[in-house]
Each structure stands twice: as structure tokens, then as C-alpha cells.
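In what follows, a single structure is set out as C-alpha cells and then discussed.
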Amino acid sequence: MNLPKVYEPEKYESDIYALWEKGDVFKPENRFGNKGTFSMVMPPPNANAPLHVGHCLFVTVEDIVTRYARMQGKAALWLPGADHAGFETWVVYEKRLEKEGKSRFDYSREELYQQVWDFVADNKETFFQQFRALGASCDWSRFTFTLDEKVVRTAFNTFKKLWDDGLIYRGERLVNYCTKHRTGFADIEVAYEDATTPLYYMQYGPFVVATTRPETKFGDTAVAVHPDDERYKDMVGKTVTVEGVNGPFEIMVIADEMVDMSFGTGVLKITPAHSFDDWEAAQRHNLPAVRVIDHDGTLNERAGRFRGMTVLEARKAIVAALKEKNMLIKVDEHYQNRMGKCYKCGTIIEPMLMEQWFVDMDRLAKPAIKALEEKRIAFHPESKRKQLIEYLQNLRDWNVSRQIAWGIPIPAFQNVDDADDWIYDERVDQEIIEVDGKTYHRDPDVFDTWFSSGQWPFVTTNYPDGDDFKKFYPTNLMETASDILYPWVSRMIMLGLYVTDEVPFKDVYLHGLVLGPDGQKMSKSKGNVVNPVEQLEKFGADALRLGLITNAVAGANQPYTDVKATGGRNFCNKLWNIARYCEEKIGDTKDLNREPNPQTMADHWILWKLQQSMQAICDALDTYRFGEAWDTVYHLVWDDFADWYIEASKAELNLSVLAYGLETILKLVHPFAPFVTETIWQTLAWEEGSFLATSQWPTPPKGSADEADAFEQLIGVVQETRALMVELNARGRTLYYKDAPLINDNAELIKRLAKVAAVKEVTDGQGVRLTQTRQQVWLDVDNDTLQRYGSLLQERLQETRSRIAQLEGRLGNNSYVDHAPKVLVEQSREQLADAQAALETISAQAQKYGITL
RNA sequence: GGGCGCUUAGCUCAGUUGGCUAGAGCAUCUCGUUUACACCGAGAGGGUCGGGGGUUCGAGUCCCUCAGCGCCCACCA
């Protein structure tokens, strides 16, 4: 025997993976004639962090899809990559510097870039070794990093195209700004949090205004009231004098619909440079914007004696000053507010007036919305489509400038003598360039990371002239996490349509979060983080994959406990032992014919089961119902093949069907658990030099439906016999039958499956009658057990009567008989006949033994 | 404030167009050391599918409503 008793994944997995790589198994090729292509680009993981369980889930899902497509004969491309993750990585790296007592300001931009590059290179390496350990069948030769030359080039080209089309502009706008990281953000990078902040009512010239931010009053350029507000009608359009903490100043009163009359006093101070609402109001009323807060988060010279204080310090000091001057009317300490915070460090985001590059989202979003409405992309789950459309409809222009060193430099230069003169130039390795005798200075900023990763599907396939682009674009599937639907998926659709005129993918499958064992989002502080490397070592890659895919449903979060991987491991071991059994039976049989030649009922039955299951598995996989597909495979292998077919084969052995069955289940399991199946395949060595990974997905076999049905009936007899034996404590009894060719022809098989002492034919019933099969079968018992049989019959009788009543009711209802499909009505009639026959049997048995029911 | 989703056995969750005598895994209980497997085998118990109403011959599935939970988006100072 070649296979040891227990499957030990660590002994085989790395060798198997090496074998696949050596065999070029992951190259997209049509291996069985032209069966078309399948393509998917891996969502590039951030190259800055260790592997987490979420990665394992997406690797599993994507690998299943790819292996399935590959086995169907498609040229299956799964293209791997890694993301420099601009800001994300930057944060990680800054933390490291901080630990060493250094800061980004100790280095030049070029030095920093190089340091981060080295840091990321190290990380990438371990990371993708772990992906290999999980069995990821992606084509590593096509690996793309978001800072690769071709990505940078494409980002430049797209920027140029946007520039030429007037879709990108440089403008002074309010930007979400983190004063700790000193960079601006896109709207989507701001995390809002509920907070209770004091609401200060302060004297403001003739008004009282309510504000949470008294420190911004030095940037006020107007006071606003509602146009319908009778209280202040006379004031609108006038200029009023306000006594401030730094002395008096004059300010205009405007009327604007934005003001909520019922909030506070109905008077709102307008600070265009530090509030999004106010900025918009300022645009409507042509108000100037005055900066008060500097990039380091402190107040500037406009604040007079408060200059140099941080926002929070200044707020305190100003409130104290107002109090002193009796200008603080009251304070609402319980005001419920929402505060924008930096999603990385939690620093309160300051809306800051800055010059940045903005992308006109209105014009980019429109074609995307159209494509979504026309269903040119399918979503799993479908509900995400509507959410995405609504998101796209409400987009503001996208700030793509980031004030960090780690990223793709923006290829734009500014005339040193004319601040409004910007030119596009790709010589980003130089700080100063000369063009037409004029001197230009490079924009020090880099692109938002989503600007480059938003172009991922066509960048990686080498738009516009690459062979991969021609062959594999648009890609078939985008599989990614639900929580990056907005920042990533939406941008790929917009930029894909803009650059290539085609949607970048036809299907979007979104997986949910893998939660901790407690059902909460994993976090270090909660201590519920599952370490996937530990799980891998403990259970093996297949087991972890199976654990993650069990019950997986699109878009749904799932808690992870190692009970799941345990189940996966047990399955692998089961499969392993199935193979051991088959190998032992088949042995060294020369010229083994794996074309199934069904002889017995069980042969026909297992072929029929395989056929049914294959249909269900394909249906589920084709619609990305992975949990369901796996459930079907699992029960086919364990219940049908192992528990019934193999057990039956111990009585009647048919090598061709046994071998065919094993080969087929190995193929069906392979996408889910590639290592154990390939290991078995290689050990069996039925085909010299072949890989299960590149074998052809099985086609449904043919079997006799009648024979299969006969075996189903036999299963019924066996199951009821077993149950009766357990319930009546009648082990080791003889089974009698009458007028039952099915039993007669399969006495040995039944004896074995039902674990009875003997199966004998008689002219009349010898003991307790099986009531739930159509066969006439009895189990012999002694007198003591008849007592128990009575109560058992009682239960059966009640069940059967209520069943009959239910079915009679249904069939007595003309509406049902008229409206329901004929098949169903016919089925009901059969069920009723069966139930009535069972009732007769029960009564007859009761009468025979004098049991009163 | 808007949107999306969830509520089904002790636990974690399936249940595609309405046809279900409502399933799985784990857990529980009973039996079993049968020569592929104790990471096993056989069997059992356990649910008025969150509450209420409606449509329908038929509702876990569709509609309305109430309650609880979760997530996302939004500029109320």
C-alpha cells in the first residue's frame, strides 16, 4: 500500500506546488481544443502587512474559480499583483521611523522612496510565499506591482488624456486634510464618528451665533440667516460691526437657504476656508476665503495672540476669552455631532483650502452609471448595483494629490514665474526643467493610490497593444472585498470605460469580512485576530480553504473558528482513505479501464448520483454560489460515494466504476482542495506525467434510472432495518422477506449494509414489519421487544394519519388540483398511496400481535 | 436624515425564480472497536423559519406593518 493511514498535508503540499509550477500548470492555455478564455485580475494586496485570514478567503475563492475554468479547458488567467498602497504603506513606514526616533523630515524625498521600496520588497516576498502555500494557481510570470514601469506609464497616459480632455484641473478647493500625516485625502478616506461636542452660543455683533468651532471665527467672512427668517429680515445685505476677542471687525449679513432657522439662533457664521458648507455658500455669494489654520494644525497670524496654538488649544483659550468679555451666552455640552477623522490615525480632519489636482467625476461617472443600469456588469450580490449607482450619482470631484513621497509622482510642472502656468511633462525624476526658455518646478505630490489601482484591469493586461489585453480584456470576474466597492470597484469601472471604452469586467463577486470567533470584526485590541499561518500549519492549506468556503455566501460576513478548518481536515482525511480503499482494491491491475461499465444497482446508482451532483455543482459554481457548490461536493463524496457506494462495493466489486468514481470525485473536489487531490492523483500514477490540475472537468455519466431507483429503495430498506434494530435493541437479527425480488437478488448486499445476521425468504411475516418501504420485509424479534414495538407503531400511526389527512386535504382542494403543476399533483397522489399502504401495514402488524393502537 | 442587509435547531449558518413532511456542519444523547478512515460508522432528539396582517390552491421564500440587530452613505453650524 502506497498511502499511509492519515493524510499529513505538510508532507506533500510544498512539493505539489513546486510540481505545478514546474509543469507550467498556471499558464493560461487551451488544453482541450478551443474552449475560450477566462480571466481575472487579483485585487493587489497591500505590500506592507502580514497575511491575514481575509487574504486566505479571497485566494480560496479566486483559486476555485480559476481551477474550475482551467479544468473546463478555458485558457484561464489569474493575474497576481501587489499594491504599493501609497498612504497605507506610508503610515506603516512612518510608524517605523517614529520607533527609531526619526521622522520623514529627516530625509529627502528620494531617500524616503528608496527606504520604503526596500521595506516593501521584503514584505512582498514573504507574502507571496504564503499565497503559494495556500495553493494559489495564479500565473506568477505576469506578476505586476503598482509601481512597475508599465503602471507608471499608464497612469501618466491616463493623466494626460484627462488633462487634454479637460477632465482634470488644478484648483484651490477645500480638501480633507490630516494635520498629523500632512496630506490631503479623498472624501472616501474620511471616517465619520459620532461625538458629543460643546456647542457654544456667542455674542456676534447684534447676533448670537451657535458654533462648535469658535476658533475659526478669524476666518469668518459673512454671517448667514435664512431668507424667510422674519427675525433677521432687516439685517440682510447690511454690514455689521462685531466685537471680537482681538478687537472689532466688520462683516456682511447674507441670506441663504442652507440655514436651518430652528438650529441654534438661526444665525450661522460663514468660514469658507475651513468648512465645506461654508465654502459652497461662499461660492454662491462671492465671499472671500480666509485661511486661519496652517498645515501643521496651528492657527496662523490671522488669529493674533492665539497664533501658534493648535486648534484645540485655541478653542479653549478663545472660549475663556469670550467668557471674560461676557460674550459667551451659553454652552450646550450635550450637542450630538459627527466628526470626520483620519481613517488611519483618528486625527480630526481639517477642511483646508489647498491647490490640488481634481478629477471631474461628473463626466467620468455618467458612462459608469449607464453601464450599471444597462447591466453590462453582473453583481453578486445583486443588491450592490443599486448602492454603487447611488454612490456614483452623488460624487464630488476627486482629489488625486497626496503630499507624501511614496507613490507615483504627478507628471506636472509649474512655471516659477507664473503660478497659473502648469505643463504636463514626464521627466519626474527632475525637480526643475526648462521648457521654451521658461523654468518649471515639479509638483512635489504623488497620485492617490486608487488613481493607479483604479486602472488595474487594463494596466496589467498591457493596454493598448498587449497580447493579454487583446485576449483577456474585458476580464471575466472581479472578485474583491465588499468594503472596497466604492474606492476601488467604482473607479475601475469609471477609468476602464474612460480609457478603453469597455467595462473592465463582466462579473463582480464581493466577499464579506472574515470575523473573529466571537462574530466581531477582528482587531488587535479585541484580541480576536486569527493567525492564518498558524491555521495553515495546524490543519493544512486544503483544510483552511474548506473551512473558509463552507457556507460562504456572496457579500456576507462570516465568523471563523478553527472548528471550520477541523471539518475541512476531516474531509481531506476521509478523501484520503477513500483513495486508500480504492487503491487497495484496484492494486496493480494492468490496463485498468476507467470507462465506467455499470453492472450492479449500486453502479447505476452512483453514476446517477454523480450526474445529478455534477449538474448541481456546475450550476452553483457558474453563479458563484461557492458554499452551495462545496456542500454538494462534500455530501457526494462522503455520503454517496463513501457511505453507500464503497460499502456496497464490499459485497459486489466493479473496478471500472470504482476507479471512475474515484477519478471523478477527485476532479470535483480539486478546485476546493487542490493539494490532497493532486497528491492522491500523483500517488495513483494512473497517467504518467499528468496533473489533476490540468485534467478535464468530467462530463456527466449515463446510468440506468430504473436501476438507480431500485438501489434507492434498497437504501430505504437498509435504513429502516438499522433504525428498527437500534430502537428495538434487536441486534444480530434475521431479516425475512416475501414476494420481493429486490431483496432476493441482493440478500448478501443487504445483509452487509444493514448488518443483519441473515436475509431469508419466507411465506409469511416472521416478526416486526418494516412500515416505510414498499417491500414486504420483516425483522425477527423476541417477545420482550414486542412491547417496545407497540409504542413505536403508535408513533408511526399518528405520523401517518396526520400525513394522510394533510395529503387528502390538499388533493381534495380543487384549486390545488387545477392550479398546481401536474407533476406536483401526481407526486401528492403517490405520497398519499404510500402513506395509506403504510397505514395498512401498521394496522395489520398491530392486529397480528394483539397491540391496541 | 437616506440607503442596504440581517432575525431559520443549543451554536454558526444554507435555503436561486413561491411547491418544504424546513436542511447542513458543529454540539448533545444512544449504540458500535466491521480488515479505507475513531480526523470513523449506525441511529436519535432538537425549529409554530422575530411578532402581526395581506396576496395565493400553496409563503421561510412575495407585499404591508411593528420590534430588535448590523453595515454603509450624507455638509446641519
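Restricted to strands (runs of 3 or more DSSP E) entirely inside the range A:193-259, those with at least 3 residues that are in contact (Cβ under 8 Å) with a residue 40 or more places away in the chain and open to solvent by less than 60 Å² (accessible area, probe 1.4 Å) are A:207-211, A:222-225.
Can you list residue pairs whose Cβ atoms sit under 7 Å apart, with the first residue in the range A:68-82 being on the phi > 0 side of the Ramachandran plot and at pLDDT 95 or above and the second being open to solvent by 10 Å² or more (accessible area, probe 1.4 Å) and of a type in the set (S, T, N, Q)? Count only pairs 6 or more apart in sequence or on different chains. Cβ pairs passing all conditions: A:Gly73/A:Asn30; A:Gly73/A:Gln696. A single entry from A:Thr154, A:Thr144 fulfils the requirement of being buried (at least 17 other Cβ atoms within 10 Å of the Cβ) and in contact with a Gly (Cβ under 8 Å, 6 or more places away or on another chain): A:Thr144.
Of a type in the set (Ser, Thr, Tyr), more than 16 Å from RNA strand B (Cβ to nearest atom) and open to solvent by 10 Å² or more (accessible area, probe 1.4 Å): is that true of A:Ser39 in this structure? Answer is no for this residue. The residues listed here are A:Val633, A:Val657; of these, the one that is surrounded by 24 or more Cβ atoms within 10 Å (Cβ to Cβ), more than 10 Å from RNA strand B (Cβ to nearest atom), touching a residue at least 40 places away in the same chain (Cβ under 8 Å) and of a type in the set (A, V, I, L, M, F, W, C) is A:Val657.
Scanning the range A:798-845 for residues that are among the acidic types (Asp, Glu), within 27 Å of A:Val777 (Cα to Cα) and within 11 Å of RNA strand B (Cβ to nearest atom), we see that the one that is surrounded by the most Cβ atoms within 10 Å (Cβ to Cβ) is A:Asp834.
Applying a threshold of 7 Å to beta carbon distances and a minimum spacing of six or more residues, or different chains, the list of pairs starting in the range A:399-428 at a residue that is on the phi > 0 side of the Ramachandran plot and ending at one that is open to solvent by 10 Å² or more (accessible area, probe 1.4 Å) reads A:Gly407/A:Thr449. For the range A:355-366, the set of residues classified as open to solvent by 60 Å² or more (accessible area, probe 1.4 Å) and either farther than 19 Å from A:Arg182 by Cβ or without any contact (Cβ under 8 Å) to a residue 24 or more places away in the chain (or both) consists of A:Asp362, A:Arg363, A:Lys366, listed by residue number.
The set of residues from the range A:720-735 being open to solvent by less than 30 Å² (accessible area, probe 1.4 Å) and either closer than 11 Å to A:Trp778 by Cα or β-branched (Val, Ile, Thr) (or both) comprises A:Glu720, A:Thr721, A:Leu724, A:Thr734, A:Leu735. Can you pull out the residues in the range A:482-513 that are more than 20 Å from A:Glu374 (Cα to Cα), open to solvent by 20 Å² or more (accessible area, probe 1.4 Å) and either of a type in the set (S, T, N, Q) or outside any helix (DSSP H, G or I) (or both)? Selection gives A:Ser482, A:Leu513. Taking A:Glu29, is it open to solvent by 30 Å² or more (accessible area, probe 1.4 Å) and assigned to a helix (DSSP H, G or I)? So A:Glu29 fails the test.
The condition (being farther than 30 Å from A:Asp483 by Cβ, small (Gly, Ala, Ser) and touching a Leu at 6+ places or on another chain (Cβ under 9 Å)) is satisfied by just one residue among A:Ala554, A:Ala648, A:Ala565: A:Ala648. Would you confirm whether or not the range A:680-692 contains a residue that is surrounded by fewer than 19 Cβ atoms within 10 Å (Cβ to Cβ), at pLDDT below 95 and either under 27 Å from the mean Cα position of the chain (by Cα) or within 16 Å of RNA strand B (Cβ to nearest atom) (or both)? Taking every residue of the range A:680-692 in turn, at least one turns out to be surrounded by fewer than 19 Cβ atoms within 10 Å (Cβ to Cβ), at pLDDT below 95 and either under 27 Å from the mean Cα position of the chain (by Cα) or within 16 Å of RNA strand B (Cβ to nearest atom) (or both).
In the range A:798-820, the residues that are part of a helix (DSSP H, G or I) form Cβ pairs under 6 Å with partners that are open to solvent by 70 Å² or more (accessible area, probe 1.4 Å), at six or more places apart or across chains, as follows: A:Tyr816/A:Arg810. Of the residues A:Lys574, A:Lys609, A:Lys564, the single one that is at negative phi, among the charged types (D, E, K, R), touching a Gly at 6+ places or on another chain (Cβ under 7 Å) and surrounded by 16 or more Cβ atoms within 10 Å (Cβ to Cβ) is A:Lys564. Considering the range A:376-404 alone, what residues qualify as being open to solvent by less than 30 Å² (accessible area, probe 1.4 Å) and either within 13 Å of RNA strand B (Cβ to nearest atom) or among the hydroxyl-bearing types (Ser, Thr, Tyr) (or both)? Scanning the range A:376-404 gives A:Phe379, A:Arg385, A:Leu388, A:Ile389, A:Leu392, A:Trp398, A:Asn399, A:Ser401. From the list A:Ala579, A:Ala554, the lone residue that is hydrophobic (A, V, I, L, M, F, W, C), over 15 Å from A:Tyr7 (Cα atoms), surrounded by 21 or more Cβ atoms within 10 Å (Cβ to Cβ) and within 10 Å of RNA strand B (Cβ to nearest atom) is A:Ala554. Taken over the range A:683-698, residues that are touching a residue at least 60 places away in the same chain (Cβ under 8 Å) and touching an Asp or Glu at 6+ places or on another chain (Cβ under 9 Å) amount to 8. Residue selection: A:Thr763 fails the criterion of being among the hydroxyl-bearing types (Ser, Thr, Tyr), modelled with pLDDT under 90, within 26 Å of A:Ser649 (Cβ to Cβ) and outside any helix (DSSP H, G or I).
Okay, residues lined up against (1) more than 17 Å from A:Tyr204 (Cβ to Cβ); (2) in contact with a helix residue (DSSP H, G or I) (Cβ under 8 Å, 6 or more places away or on another chain); (3) free of Cβ contacts under 8 Å to residues at least 40 places away in the same chain:
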residue	(1), (2), (3)
A:Val267	no, yes, no
A:Ala273	yes, yes, no
A:Asp278	no, yes, yes
A:His285	yes, no, no
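Pull up the range A:660-674, narrow it to residues that are open to solvent by 20 Å² or more (accessible area, probe 1.4 Å) and closer than 17 Å to A:Asn573 by Cα, then point me to the one that is nearest to RNA strand B (Cβ to nearest atom). Residue satisfying both the conditions and the ranking: A:Glu663. Residues in the range A:636-649 that are farther than 11 Å from A:Gly661 by Cα, more than 7 Å from RNA strand B (Cβ to nearest atom) and among the charged types (D, E, K, R): A:Asp639 only.
Go through the range A:87-109 and give me each residue that's surrounded by fewer than 11 Cβ atoms within 10 Å (Cβ to Cβ), modelled with pLDDT of 85 or more and not small (Gly, Ala, Ser). If the condition is that a residue be surrounded by fewer than 11 Cβ atoms within 10 Å (Cβ to Cβ), modelled with pLDDT of 85 or more and not small (Gly, Ala, Ser), then A:Lys99, A:Glu100 are the ones that fit. Of note, A:Lys755 does not satisfy the criterion of being farther than 29 Å from A:Ala659 by Cα, basic (Lys, Arg) and modelled with pLDDT of 90 or more.
So that you can scan it fast, the table gives a plain yes or no per residue for (1) part of a helix (DSSP H, G or I); (2) within 15 Å of RNA strand B (Cβ to nearest atom); (3) surrounded by 14 or more Cβ atoms within 10 Å (Cβ to Cβ):
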site	(1), (2), (3)
A:Tyr335	no, yes, yes
A:Leu353	no, no, yes
A:Ala368	yes, no, yes
A:Leu372	yes, yes, yes
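Remark: pairs (first residue in the range A:557-571, closer than 25 Å to A:Ser523 by Cα; second residue open to solvent by less than 40 Å² (accessible area, probe 1.4 Å) and among the polar types (S, T, N, Q); Cβ separation under 7 Å; 6+ apart in sequence or on different chains) = A:Asp562/A:Gln535; A:Ala565/A:Gln535.
The values are calculated or read from the model by the stated rules, or taken from the named source; none is laboratory data. These figures come from a predicted structure and were not determined experimentally. Using ideal geometry, Cβ is built from the backbone for each residue, glycine included, and neighbour counts are taken over all protein chains shown. Ligands, DNA and RNA are stripped out before the accessible areas are found, and what is left, the full protein with its side chains, is counted by its heavy atoms. Shrake-Rupley method; radii C 1.70, N 1.55, O 1.52, S 1.80 Å.
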